[in-house]
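The values are calculated or read from the model by the stated rules, or taken from the named source; none is laboratory data. None of the values given here were measured: they were computed from a predicted structure. Note that each Cβ is placed from the backbone with ideal geometry, even for glycine, and that neighbours are counted across all protein chains shown. We work out accessible area using only protein heavy atoms, side chains counted, and drop any ligands, DNA or RNA first. Shrake-Rupley method; radii C 1.70, N 1.55, O 1.52, S 1.80 Å.
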Amino acid sequence: QVQLVESGGGLVQPGGSLRLSCAASGSIFSVNVMGWYRQAPGKQREWVASIAPGGNGYYANSVKGRFTLSRDDAKNKIYLQMNSLKPEDTAIYFCNTIPGRPEYWGQGTQVTVSS
């Protein structure tokens, strides 16, 4: 059974940076479009970014130009570099396939942007 484990979240001041990582227990990255989602308090989970095998990243307008998604299929990992963070980026961040598979949702990693 494949498990996705997110890490790298934390508390950061506005304008700061964080790098999130997502590791898979199985080899799912090489054949799937992978992505990041986030869920802010009181809001529905939303798509943030996605990347196909060997492809470029696609980003929600709210993070375009600030976030960069990359993948390392050999290591079964994807990464989300988040720069110029804003308070509205505060959320729990999850990785999953695109579209998200119910059995792959993990605990996520909390990102809090606050001064």
Is it true that some residue in the range 27-37 is under 16 Å from Leu85 (Cβ atoms) and surrounded by 12 or more Cβ atoms within 10 Å (Cβ to Cβ)? yes
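Against the condition in contact with a Ser or Thr (Cβ under 9 Å, 6 or more places away or on another chain), open to solvent by less than 50 Å² (accessible area, probe 1.4 Å), over 16 Å from Ile98 (Cβ atoms) and modelled with pLDDT of 95 or more, how does Gly9 come out, does it pass?
For Gly9, the condition - in contact with a Ser or Thr (Cβ under 9 Å, 6 or more places away or on another chain), open to solvent by less than 50 Å² (accessible area, probe 1.4 Å), over 16 Å from Ile98 (Cβ atoms) and modelled with pLDDT of 95 or more - is met.
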Of those in the range 71-91 that are within 24 Å of Val5 (Cβ to Cβ) and assigned to a loop (DSSP other than H, G, I, E, B), the residue most open to solvent (accessible area, probe 1.4 Å) is Asn83
Going through the range 30-59 in order, the residues found to be touching an Asp or Glu at 6+ places or on another chain (Cβ under 7 Å) and over 18 Å from Gly108 (Cβ atoms) are Ser30, Pro53
Counting only residues in the range 38-50 that are in contact (Cβ under 8 Å) with a residue 40 or more places away in the chain and among the polar types (S, T, N, Q), the one surrounded by the most Cβ atoms within 10 Å (Cβ to Cβ) is identified as Ser50
Only unsatisfied item for Gly55, checking (1) open to solvent by less than 60 Å² (accessible area, probe 1.4 Å); (2) part of a loop (DSSP other than H, G, I, E, B); (3) touching a residue at least 24 places away in the same chain (Cβ under 8 Å), is (3)
Checked Val48, Val2 against criteria (β-branched (Val, Ile, Thr) and either within 14 Å of the chain's Cα centre (by Cα) or assigned to a helix (DSSP H, G or I) (or both)); the one match is Val48
Checked the range 58-70 for anything open to solvent by less than 60 Å² (accessible area, probe 1.4 Å) and of a type outside the set (Ser, Thr, Tyr); matches are Ala60, Val63, Arg66, Phe67, Leu69
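Listed here are the residues, each with its yes/no results for (1) among the polar types (S, T, N, Q); (2) in a loop (DSSP other than H, G, I, E, B).
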{"site": "Pro14", "(1), (2)": "no, yes"}
{"site": "Gly35", "(1), (2)": "no, no"}
{"site": "Ser62", "(1), (2)": "yes, yes"}
{"site": "Leu69", "(1), (2)": "no, no"}
{"site": "Tyr93", "(1), (2)": "no, no"}
